[in-house]
Structure formats: C-alpha cells, structure tokens
Amino acid sequence: MHLLHCEGRDDSLPSCFGEDVECYNFKPKSRLREFLGEKLIAVTAFTALVATLLIFTFIFKEAVPIFTDREVQEEAGLGKLTFKQVYHEGRPAKWKWQPESEVPKFSLLPLFIGTLKAALIAMLFAVPLGVGAAIYSSEFASKRMREVIKPVVELLAGIPSVVLGFFALLVLATGLQKTLGLTFRLNALNAGIALGIAVIPIIFTVAEDVMTSVPRSLRDAALAVGANSWQVSFTMVLPAALPGIVAGMVLGLGRAIGETMIVLMASGNAAIISTSLTDSMRTFSATIAAELAEVVFGSSHYNVLFFIGTLLFVFTFLINLAGDVVLFKLKERFQGKTG
Amino acid sequence: MKNVIITMMVLLFAVGLIAAGSNITIKGSDTLVRLGQRWAEEYMKKHKDIVIQVSGGGSGTGIAALLNGTTDICQASRNMKKKEYKLAEEKGIKPYRVSVALDGIAIYLNKENPITTLSLAKLKGIYTGAITNWKEVGGPDHRIILYGRENNSGTYVFFKKHVLDKEDYADAAQALPGTAAVVHAVSKDKYGIGYGGIAWAKGVKYTAVKKDNKSTAVIPDVQTVSNGTYPISRELYWFFNGVPKGEMKALVNWALSAEGQKLAEEMGYIPLPKELAEANIIE
C-alpha cells in the first residue's frame, strides 16, 4: 500500500494524528471486492439463522402429531402431558413418566421439575463463585495472579462434560453422601454442583471481560474524589458492569438447562416429583439422550421426545430473550441511552 | 457408556489402519458388547482379511440399526418386540434370530448387606415400590435404594417382563447408563440394590434367588443358568437380516463352536448347553 492523495479529506478539521496521517484511497475497482466481501459475510450470518430455523422446524415437525394425530393424542395429548392422570381405577391421579409400560405414561411435570431443580442448584453454586472470582481477578488480584487465574478458570470450560459427569458419578457423589449423610447417592444436589462447575467459566469469562473493560475514566474519577479501591469496585465498576454480568448469567443458565451428559450421569434419572434437593431427579435433556436411541420410530413416545426437544428450544430462546431485555434496561439505566 | 466410547476409538483406529478386506458391523446390547468384542478379536486373528466392528448402545439401538440397514449383525439381550417385527416387515427386513450365549441376571447387593436370599415375589415388591424398607425382607431398618437401567436397555425390558410381571418400575428407581454404572453405584451404596449380567458383578455380591417360597434359593452360576434352575436367566441373541451366508455364517458358526463358547465362558457369560449350540449352527 502506498500513500495517496486523500480525496474528501476535510483539511479544515484538526487532525489528532498530526499532519503525516496515512490515508488509503479506495478506488472504484475495489468496490466489487468490497461488495463481494460484504455479501459473503452476510451469507455466513444467514447460515446461522437458517440453520436455527431449520433445526426448529424439523424438531417441531416431529412433535406435531401430538396436536393433530388422534391416535397419538389418546396416549400423549397435551392434557396427558400436563395434568395428572388416573392410571389405575380407584387410585389417586398421578403425574408419571413411564414411557415403556403396558399403559405408557407421558407426564412431563416430573421432568420439568427436575430440569428446573438442576438449573437452580447450578446457578446458586456458580453465580457467587463465578462473579466473585471475576471481581477478584479484575479488581484486586495482582497482574501476575490474574495471569494465573484467568487461564485456569477458562481451562475449566475446556473439560468435556462427559468427564465432569464421570467425576460427579464416581467422586463427588461419594463425597457428598459421606459428608451430608444423604439417602440417595445420585441426587439433584450432586448433578447441580457438577453442572455449576460447567457454568462457572461461562459466567467468569463474561463478567471478567466486562469489568476490565469498564472505562479507566470512571475509576479515575472515583479515585480522584477519594474513594478507596473497595468503594471503586463496588460502587462504580460493579454497577457499570452489571449488564455484562447479567448476560453471563443468562448464558450460564442456558447451558445449565441444555446440558445433558452431566445430568444423565450424576442425577440418578428417577422421574419423581419432589422439591427436595437431595432426591434423585430426571431432566428433559437426559430423557432425550437416554430414550431417543431406543424409541420406535413414529410412535407417540417418539413424538413426545421431539416435543420435549421443542420445549427445550423454546425455553432457551425465552431465557435469552429475557436476558436481552434485562440487559437493555440495565444499559439504559447505567450508561445512558447512547452507551 | 465408557465401553462404547473405547470401542469407537479402537474402531476408528482400526478402520484407519485396515481399509481393505471385508467389513462386518456388529451393534447392540451393552450386555453382549464385551463378548462381541472378544469374539471379533479372536476371529480377526484367524481371518486377517476380515474386519469386524463391534459397538454397544443397547439392544434397542442395535435393533433400530438392523432395521435401518446400518449394521450387519444386531446383538440383543431381548427378543424383538411386536412393533419392531412389524416395522421390519414394512421395511422389507427379515430378522433371523440365533441365540449365541446365556446370561443370568444377578441381583447385586452391597457387600455389607446381610441379606443373602430374595424370592421373586419380594424382588417384584422391591422394584415396583411396594416394599421400600430393607426391614421388610429381613434386613436393616433403612430405605431401599433402587438402581436399574435406562429404558433402552434389554435388561430393563427383560427384568420388567419376567420379574415385575410387566408392572411399572417404582418412580424412585434410578436409571443409570450401563451395567457398569449400576454395579459401581451398588458397590458404593450400603443400602443399594441393582440388577444386571453376572459377568459384571465385581465389587458387589449377588443374592441367591428363590422362584417361590417352596423352592430352594439358587445362586447364579454357569451350571444353574445353563440348566435353567436359576429363575432369572435369558438367552442372548444375534439378529441378522435373513439367514446369514458366507462370512457372516462362518462367523456365527464359529461363535457357536466349542471354541467360541469357551471364550464366552472365560468372559463370564454362560455358554449354551452343547445340544442347543449344535442345534443353532447354520447349515
């Protein structure tokens, strides 16, 4: 590239780079290249969009018989999926997930509760740890310390979930049962903590990046009026970075709900309705993973599993949407509309 | 699960090394996968031009693969269901079944559990949730922790049919991915109970099982399973699409031979009684 005369440069404006600034002349012939480049990038963006739409369409298509096919509805209509059913005459109505049965039972409630329980425990475990570590690393840690903490936590994100699940199944479960004296070895708490370990690096990375990118001027201003470093962190940096931290938590929650291998291995997979955190539980994702391989193609069980897939898709979509809304509101509040 | 992953890795490696020669794929039951691998290993030593790929995933997975034409041989620890036979007919596949070994389903208990004998009726009560405390079957006063398999497992289906009389498992029964996971859980859980092939029972003990109150309790071993006195035993199958010919026929006949059956016994499976093995050989 060589230096050329700059067309359209307004010499009346002061230049912050001084007089010897380099300008590149964009000749008309490069317009085509520019055009193609732009379209190519647009195509990559659309590929992701189309893929998402196609995935949703195909998953939903397999779930449609629940709404249209009378035969499927008799076994697994929306009502049967949601409300409790009487399966034996004279016995109280129950929510049950027993797809391989003489009378298949497809209540989604036990699975829904399991999914929520796992995600809740994971978040309770991961948010304080992830955000706390991020605050320490970005605000208080020495540069050297920070150079150790950041890569190590990010390494945690690289652990395959099956390995984490294996760890929870063999080591964590035994440890928890011994220390807390639990009845069930594999339970919601065990799975939730293992899930939390998978979520920590997501929250940490996002929160840490956001906090370090809070403008220097904000800190300087606070320090100039006599705030100590603690006050700077908690009254200036943290509120300014809150939208980013929330975004990290939302990403983490999405992962906690969709994660499969860890819950499949560590939760015990018993589809029961229980609010106890030390009971066994079964999640949506683990149910799909465990049962889809076996299911008879085109049966109502098959349709229900795809319906669960659709639900998971919708949940994560809603969570991300809610996250975006919160993010937008918080940004408005803390950074002004232009921020 | 672990087995499946290891098998796949080994397979990918093997496929990379030997691209030539003819390929036979075997897929299905997690109960049979270890035996399938052992057989394949020995057979490939004798026949260098044949590559056999063995993988697990569950009987249901194997049957689905056979129906979709993605495997040559399906290993199954249960018979095909009516729905599956119907589906096979629609797809123009003619399932041909050969029993290749026997298996006793052992009832695993933790080594510290004082119980040594359970009757089929008690087992049914325990797994359907009618009996929830060890005290009710003569053990300590503690809740029974149920371990079992996921519903894509042939063992799950077999146990449900023959021990639970087709009734549902208790909701509290925990479903674990693979027999190894069940054995591990019971070995760590003082009040746990599990079920699975006797070949897997390492680090746990298994109970003797009584058919009813009058009969004597029988411990699962080669003899009792082979002569049918142990009440929870089953045949393990290979399914083909049509009567096997050529290399596949040679393979199954070798597995049924004295040599193949001896390998099965070494691996902890129960060999077929001699007459049955001979009757199964394909002309």
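A quick yes/no check of all residues on (1) at negative phi; (2) within 14 Å of chain B (Cβ to nearest Cβ); (3) touching a Ser or Thr at 6+ places or on another chain (Cβ under 9 Å):
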{"position": "A:Leu78", "(1), (2), (3)": "yes, no, no"}
{"position": "A:Lys96", "(1), (2), (3)": "yes, yes, yes"}
{"position": "A:Ser101", "(1), (2), (3)": "yes, yes, no"}
{"position": "A:Thr115", "(1), (2), (3)": "yes, no, yes"}
{"position": "A:Ala122", "(1), (2), (3)": "yes, no, no"}
{"position": "A:Ala126", "(1), (2), (3)": "yes, no, no"}
{"position": "A:Ala134", "(1), (2), (3)": "yes, no, yes"}
Among the listed residues B:Ser119, B:Ser99, which satisfies the condition of being of a type in the set (Ser, Thr, Tyr), touching a Leu at 6+ places or on another chain (Cβ under 8 Å) and in contact (Cβ under 8 Å) with a residue 60 or more places away in the chain?
B:Ser99
Of the numbered conditions (1) in a helix (DSSP H, G or I); (2) open to solvent by 50 Å² or more (accessible area, probe 1.4 Å); (3) within 14 Å of another protein chain (Cβ to nearest Cβ), B:Lys27 fails exactly one; give the number of that condition.
(1)
Of the residues B:Val252, B:Val209, B:Val243, which is open to solvent by less than 10 Å² (accessible area, probe 1.4 Å), at pLDDT 90 or above and under 20 Å from B:Pro95 (Cα atoms)?
B:Val252
Considering B:Asn79, B:Asn113, which residue is open to solvent by 10 Å² or more (accessible area, probe 1.4 Å) and polar (S, T, N, Q)?
B:Asn79
Would you confirm whether any residue within segment A:294-303 is away from chain B (no Cβ under 14 Å), aromatic (Phe, Trp, Tyr) and buried (at least 19 other Cβ atoms within 10 Å of the Cβ)?
no
So which residues in segment A:206-231 are over 19 Å from A:Val326 (Cβ atoms) and touching a residue at least 60 places away in the same chain (Cβ under 8 Å), if there are any at all?
A:Glu208, A:Thr212, A:Ser229
Reported set for segment B:128-150 where residues are open to solvent by less than 50 Å² (accessible area, probe 1.4 Å) and either of a type in the set (Ser, Thr, Tyr) or in contact with a Gly (Cβ under 6 Å, 6 or more places away or on another chain) (or both) is B:Thr128, B:Ile131, B:Ile145, B:Tyr147
Restricting attention to segment B:131-147, report how many residues are of a type in the set (A, V, I, L, M, F, W, C) and within 13 Å of chain A (Cβ to nearest Cβ).
4
Qualifying positions in segment B:88-108 - over 19 Å from the mean Cα position of the chain (by Cα) and open to solvent by less than 10 Å² (accessible area, probe 1.4 Å):
B:Ala88
Need the failing condition index for B:Ser153 against (1) of a type in the set (S, T, N, Q); (2) open to solvent by less than 10 Å² (accessible area, probe 1.4 Å); (3) more than 10 Å from chain A (Cβ to nearest Cβ), just the number.
(3)
Tell me, which helices (runs of 4 or more DSSP H) lie completely within segment A:173-287 with 1 or more residues that are crowded, with 22+ Cβ neighbours inside 10 Å, within 14 Å of another protein chain (Cβ to nearest Cβ) and hydrophobic (A, V, I, L, M, F, W, C)?
A:173-180, A:188-212, A:261-266
Report the residue count in segment B:33-72 for those that are in a helix (DSSP H, G or I) and surrounded by fewer than 17 Cβ atoms within 10 Å (Cβ to Cβ).
4
Scan (1) within 22 Å of B:Ala181 (Cβ to Cβ); (2) away from chain A (no Cβ under 13 Å); (3) open to solvent by less than 30 Å² (accessible area, probe 1.4 Å) for the single condition B:Gly125 breaks and write down its number.
(1)
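Residues are listed down the side, and each one gets a yes or a no for (1) touching a strand residue (DSSP E or B) at 6+ places or on another chain (Cβ under 6 Å); (2) within 10 Å of chain A (Cβ to nearest Cβ); (3) under 26 Å from A:Met261 (Cα atoms):
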site	(1), (2), (3)
B:Arg149	no, yes, yes
B:Lys161	no, no, no
B:Tyr169	no, yes, yes
B:Gln174	yes, yes, yes
Residues that are within 23 Å of B:Gly148 (Cβ to Cβ) and either without any contact (Cβ under 8 Å) to a residue 12 or more places away in the chain or open to solvent by 90 Å² or more (accessible area, probe 1.4 Å) (or both), drawn from segment A:65-90:
A:His88
Return yes or no: is A:Ala157 under 17 Å from B:Ser187 (Cβ atoms), surrounded by 12 or more Cβ atoms within 10 Å (Cβ to Cβ) and in the same structural domain as A:Arg219 (by TED's automatic domain parsing)?
no
Could you please let me know if A:Val131 is part of a helix (DSSP H, G or I) and touching a Gly at 6+ places or on another chain (Cβ under 6 Å)?
no
A:Ser300: passes all of (1) within 19 Å of the chain's Cα centre (by Cα); (2) in contact (Cβ under 8 Å) with a residue 60 or more places away in the chain but (1)
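The values are calculated or read from the model by the stated rules, or taken from the named source; none is laboratory data. Values in this document were obtained by computation on a predicted structure and should not be read as measured data. Reconstructed Cβ throughout: ideal geometry from the backbone, glycine too, with neighbour counts over all protein chains shown. To get the accessible areas, we keep the full protein, side chains included, count just its heavy atoms, and leave off ligands, DNA and RNA. Shrake-Rupley method; radii C 1.70, N 1.55, O 1.52, S 1.80 Å.
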